[in-house]
1. Of Ala465, Pro84, Leu305, which is farthest towards the positive pole of the chain's charge dipole, taken about the Cα centre with +1 and -1 on the beta-carbons of Lys, Arg and Asp, Glu respectively?
2. Which FRET efficiency, nearest 0.05, do Glu647 and Glu735 yield, Cβ-Cβ r, R0 22 Å?
3. Suppose R0 equals 56 Å; then what is the FRET efficiency for Ala306 and Leu195 from their Cβ-Cβ distance, rounded to the nearest 0.05?
4. Please give, to one decimal in nm, the separation of the simple spin-label points placed at His391 and Ala450, each 7 Å out from Cα toward the Cβ.
5. Modelling each spin label as a point 7 Å along the Cα-to-Cβ direction, I'd like the Leu457/Asp494 distance in nm, to one decimal.
6. Evaluate the charge dipole of region 13-764 about its Cα centre and quote only its size in Debye, nearest 20, assuming +1 on the Cβ of each Lys and Arg and -1 on the Cβ of each Asp and Glu.
7. From the residues Asn528, Gly639, Thr705, which one has its Cα farthest along the dipole of region 13-764 in the positive direction, the dipole being from +1 and -1 charges on Cβ of Lys/Arg and Asp/Glu about the Cα centre?
8. What is the gain in length, in nm to one decimal, between Val539 and Leu667 on full extension, counting 0.36 nm per residue of separation less the C-alpha to C-alpha distance?
Amino acid sequence: MKKIASVPAHHHFPKMLLAAAVLATSQAQAQGLEEVVVTAQKREQSLQDAPIAITAFGQYELEQRGIRDLVDLGTIAPNVKVAPLPSNTAKATVAIRGSVTSNPGIYWEPTVGIYLDGAYVGKFSGNVFKLAEVERIEILRGPQGTLFGRNTSGGAVNVVTQKPTGELGGRLRAGVGNFGYTEIDGSLNLPQLDLGGAGNLKSRVSLSWDDRDGFYDNVAAAPGTTITHPFTGQPIPANPPGAEDEQNAASSTVGRLDLLWDVSDRFSVRYALDEVDVENTPGKPQFTSFDPTSLVFGFPLPGDLAQFLTSETDNLEANSIDADVYEEFDSTSNTLTMDYDLGSAGILGDASVKYVYNHRDLSFAQSLDNDGTPFGLFHSAIEEEYTQQSHEVQLTGSHERVNYVMGLYYFEEDADVYNPLQPLNSFFGPLLSRNAYGLESEQFAVYGQADWRPPVLDDRLTITAGIRWTEEEKTVYIDHPNDNPPFAGENTDDYSNVAPTLIFSYEFTDEFNAYAKYAKGWKAGGFNGEAGSIEDFNVGFDPEEIDSYEIGFKSRWLDNTLQLNGAAFYNDESDIQLSVFIPRDGGVASVIENAGESVKQGLELEVVYMPNADLMLSANYGYLDSEFTEFLEFDPVLGETVDVSDERFTQYTPEHTVNLSVEYTMLRSDYGDLMGRLDYSYNDEYTPYVKPEQKAVSDIDGYGTLNGRLTLINIPVGDNQLQVALWGKNLLDEEYRVNTVPFGPFTVSFFGNPRTYGLEAQYTF
């Protein structure tokens, strides 16, 4: 029966390494910080020995930091930025070292790959899933194209769940908080089932549910509200049909069934079923900028819009929307993993084979009132249906001085998207077009990577070399039946890539080692599903590539109570895929264009210090310098293509990121231990858009947030344990923008969550 914690006498502590190390759950014992095993290189490996930039957290650390989904991961590692997409809770933009994909469209490939138990989560939709029954999370910084494949040019997030134990036990957690927050979740490990000669079966079931009221009131829905329409001059009635009373309400249900069949000492089969159901009220758009001289449908926007204009830095407690808004997300994932230990297999050495299969279905529907005003300037709706499946066969082993992993990978996906845009529909009437696009893609890859320790230099040198070949076919269709004129089309193209990795690592002493690494990242090209014309659709966009160079070190001091690590990197990106807004039917559309080249360079430092068993201090710092070195655009005045790189800005690239943590056990007793924790995270200013006119109204100012937790842990309840915690996020109630959308002549902003707090209790048996 698994207890909540162990030593230092009672609980696990975090382990933070630097750009080439891992922040992970560890034990504070007399010998200092203890190593943790990760699978970031497709095989079990010590954190400290892995010559890559990786940060990992165990279950205890995730709980203490209040990390419940992907968005929370943006506050724990240097040069990692996670921004919720505008008005959206099921999708997020993930940027690592400035490599980012900002468009959530299904036709566009992510830059950071998300993996759940080795299975790739293919698209933005559903990447903000609840982190339930997690054993650890690994954040890999820099290109991971050799072992993880395409769409990892920025890095990868590897989520590893807990396996069934085969012993009766589990946990139950309940919590409440402000804004009507309620949470209940739990898991149950069932006793092992003996199957006789067929081995044994272990199982775990888990279920979580949470619900929260909205953060902001909708004043347009208040009885007695009367607002004059800026176009018609007519009053707008109170309680517009379909208008919600509040925004940012959230409700989710997550269930998981996990079966582990140990067929023999050598062969095991694991099956996991994950079900997710999310129903939210979208986030609050806030009208923060507009140009009354801009022409829309041939005439300027009315000056009366100024009455709804708000500050770029002042998060209002209320705003006005007039449309029926909702957000619904459903996902079903089936994952099958088979492991077979080959034992000693001749030339292969000690080897094992793994097979991973995944099938994932999801549906997403959303209706948005995008303008933040009580009349229809810009309404939109979207419906997505998406299916993916993948197969991967891995062979890992060791032979004499070589450790290796090699494999075959197959992936296919199918998506259909319906996306009617309704700009200015309160004046012109609803636009009933049901535009559609979709894609089919199929990918095959072969990869291999090996570590070789040559018999020189006292066995302190390790050379790692790997390569991956990928072939992909992608088909995209588009259908606009009600446009004027209507248009439709379909395009198919093939893409291929070779992604190498080369690493030299050297152990100068048992406490200090360093490495130098080269890796290549790649994203396939495609066609714009949201193009406003058949001409734009047929142009498409090319693959994106990145050449990454990195040096780093990892060190231990003071009898392994202090760890100081660092890394520096230089990334050369070419044919960068960027989201740009173009005119479309009087509104705007977001499409992808290749921008040319950029250079992103920086450094990362992390330190963790445990002066005694009661105190843990940790900090990390990321510096990022990013600029375009080539950005070609056609100048209609000059009649030629010119380089405007000096006038363009890289997206989601804060120059400085800082994360600080302190954890202190204030009291130890037979009735439990009292511990407190504070976590501070700071992001420097950044921009979501590349053009000067967009940057001027869309810059995200630098901001910092403070989270805290006070926990009474290891309260004995018979042979079992109870813990009670008081938690808070954004304790200082910082007001900060997380994203912006410039809709041509006007801009709306979306703000981060206000201060939230609550009380929770967890019983473990």
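A short reminder: the numbers here are calculations on the coordinates, not readings from a lab. Remember, predicted model here, so these are calculated numbers, not experimental data. Here the Cβ is made from the backbone with ideal geometry for all residues, glycine too, and neighbour counts use every protein chain on show.
1. Of Ala465, Pro84, Leu305, it is Ala465.
2. 0.15
3. With a Förster radius of 56 Å, E is 0.15.
4. Roughly 2.7 nm, to one decimal.
5. 4.2
6. Values: 47 positive and 114 negative charges, 387 e Å.
So the magnitude is around 1860 debye.
7. Among Asn528, Gly639, Thr705, the one farthest towards the positive end of the dipole of region 13-764 is Thr705.
8. 39.5 nm
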